[in-house]
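Report on one structure; see the data block that follows.
Every read-out reported here was derived from the displayed coordinates using simple, explicitly stated rules and does not represent laboratory data. Not measured: the values here are computed from a predicted model. Every residue, glycine as well, gets a Cβ built from its backbone with ideal geometry; the counts of neighbours run over all protein chains shown.
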Amino acid sequence: MPNNQLPLKKGGFTFKRFFVAHDKSPMKVTTDSCLLGAWAPIKPDIQNVLDIGTGCGVIALMLAQRLENHSCQIDAIDIDPQAIMQCQQNSLNANFQTIRALNINVNQFRIDDNACYDLIITNPPYFQSAVECRNAERQLARYTESLNYQQLIDAVIRLLKSNGLFCLVLPYHVADKFKQLCELNRLFLCSEMQVKYSADKDFSLALMAFSFHQNDNFLSQSLCMRDDHGRYSQPFRELLADFYLFRK
């Protein structure tokens, strides 16, 4: 049977320009991470990015591709040493030298006040510990015990520049609670994309960008991932066009 496409590698996810191995990382490449990596707003003068809980490094790699014409350093941190090793290898294989992978807990992460970040981005742990995961590393990556929302916000306040952006993705049903907590801490929503899997489904994800400044030009968007025939929608294809190997 003829096949014009190269065979896809196993143990990871093949993008247009790089392969993300995730077999040694507790958390795998997910659609929500890919959406966030493609959607996150980027300012023209960006110099320093922090990816919290980078895992296999998929968001850091996507940002490295988007920022390849900028002089920008991406610090990708994770509490799990195996994830950091995989992120380092993925960065080397993709030839993205702007990524620095660091095995550190963000709660203990400190930098010089003059070296804060223009963009902080994360796909954070968001499950409450109701069901035990099959291993401790996956438990740490998935559950808020390792990084609760207040700890995350405290880290952002400590590490974000005064004119910087903080971006994350959360399940839609917890987004309002997180927005309220941010506002109590003087972080204000400036951009949001609500995502649903298909037209007949409820919203499932919220991509959000916050800043220290209240913005009258709030940008609200919505995205439906699949059309009525179950195929990827045109807006989804356009958002991921630089990354996904879409089949015709």
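The figures follow:
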item	result
Region 26-239 - charge dipole about Cα centre, Lys and Arg +1 at Cβ, Asp and Glu -1, debye rounded to 20	220 debye
Total lysine pairs under 26 Å (Cα atoms) in region 9-122, excluding pairs fewer than 8 apart on one chain	7
Compactness of the chain as Cα Rg over 2.2 N^0.38 Å, two decimals	0.99
Proximal aspartates and glutamates relative to Lys196, as straight alpha-carbon distance under 12 Å, when same-chain residues fewer than 8 apart are discounted	Asp32, Asp227
Difference of contour (0.36 nm per residue) and Cα-Cα distance, Asn93 to Asn215	39.9 nm
Virtual paramagnetic centre 7 Å along Cα→Cβ of Arg100, amide N under 20 Å, in region 36-62	45-62
Estimated 222 nm signal from helices in the chain, with DSSP H stretches of n ≥ 4 weighted -39500 (n - 2.57), rounded to 500	-8000 deg cm²/dmol
Farthest toward positive dipole pole in region 26-239 [+1 Lys/Arg, -1 Asp/Glu at C-beta], among Leu181, Ile52, Gln88	Gln88
Positive minus negative residues near Ala101 (Lys, Arg vs Asp, Glu; Cβ under 12 Å)	-3
Lysines with Cα under 22 Å of Lys201, excluding same-chain neighbours fewer than 8 positions away	Lys177
DSSP-defined antiparallel bridges as percent of all bridges, region 26-239, nearest 5	35 percent
Among 49-61, 174-186, the order from most to least packed when residues are scored by Cβ within 10 Å on average	49-61, 174-186
